[in-house]
Every structure is written in C-alpha cells, then in structure tokens.
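In what follows, a single structure is set out as structure tokens and then discussed.
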Amino acid sequence: MDLDQLILKFQQKDERAFESLYNMYSDSMHGVIYNIVRDHNIAEEVMQDVFIKAWHKADTYSSKKGRFFTWILNISRNAAIDKTRSKNFKKSKQNLDANFFVDILETSDSLDNKTDAIGVSKFVNKLAKKCIEVIELLYFKGYTQTEASETLDMPVGTIKTRNRNCIKELRSMVLN
C-alpha cells in the first residue's frame, strides 16, 4: 500500500494504518521530542499523546499543505515545547543531577546527533553558520523567536526573516 492510501485509511480511522504510520514515524518523532525534553520517558509519553492527537485530528491533514511526515513532526515539536513550558515539567527539572546539564553543554555545539535523528544532518550542515544558529535554537532547542532574538542579540524581525530564508533554502536542498 502506498503512503497516500495509508494516510487516507488513517484518516478513515483504520487501526492497521495507525500502526503502520506509528512504526514508520515513531523513531523520528521520538528524536525530535527527546531533543527538546531531554528525557526518554517523557519523550515516549509525548510521542504517544501526539499520535492520539493526530488520530483524532486526522481530518485536518491535507497533502496540499505539505507532507504527512512534516505535519506529524510539527505536531511533535509543538507538543514537546508545550510540555517543557508546563508547570509539572519545570518542577520536575528543579533538582536535576548535574550530569543532565553537562550533557546539554557537551552537545549544544553540534547538531549532528539531533539532525541525524530525523535524517537531515547532511542538509543542515550545508547551510551557512547563521542559518544553523537560528534553526538550532528555533527547531531543536524549542526557543521562541523572542528567546532566539535575545540569545543571538538580534532584532526579532531579523530572526523571522533569517528563519524564513534558511528554511526555504533547506527545503530546496531536500526537495532537489
């Protein structure tokens, strides 16, 4: 069964289609979510919530607006960011082991592990340094545009323009 038929069956609430799509995308989704929440158990929980949400909102997906993979990853990313902003998540991180922060510091300079999780590292690494900085903050660390603006000491408008241009460049690389 091709992907379009599988998605159509998913939208029609076919449980086997759900299972197939889950098996196809769960690793990528887990990678994106984990890179934001930094906890495997929470990432697993968020990923399952995302699939249930996608199941209930399947009729909102349109292939005219983009690929299913992109749709489900955007839901994943947004759910992970929402999770990190929740009071319970913030409370659970108050007394973290110092190794958690050491790991963040060790990996913050490199997107290799993060982008390998979703298969775009070879494309992201071809972008200019200014693009990598913005993409890392907005998409892999879950920063808002305002937070990225403050971190990079740039106006929010510059962040928005750079983000739009860098994603456009990345999209053209991936699709060609």
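The values are calculated or read from the model by the stated rules, or taken from the named source; none is laboratory data. It should be emphasised that the depicted structure is a prediction, and the values quoted were computed from it without experimental measurement. Positions of Cβ are backbone-derived with ideal geometry, glycine not excepted, and every protein chain shown enters the neighbour counts.
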Self-check item: helices (runs of 4 or more DSSP H) within the stretch 30-145 that include 1 or more residues closer than 27 Å to residue 7 by Cα and at pLDDT 90 or above
Solution: 40-56, 68-85
Exercise. Please go through the stretch 146-176 and pick out each residue that is modelled with pLDDT under 90, more than 19 Å from residue 81 (Cα to Cα) and among the polar types (S, T, N, Q).
Key: 172, 176
Exercise. Please work out which one of (1) touching a helix residue (DSSP H, G or I) at 6+ places or on another chain (Cβ under 6 Å); (2) more than 23 Å from residue 140 (Cα to Cα); (3) of a type in the set (Val, Ile, Thr) is the condition residue 60 fails and give its number.
Key: (1)
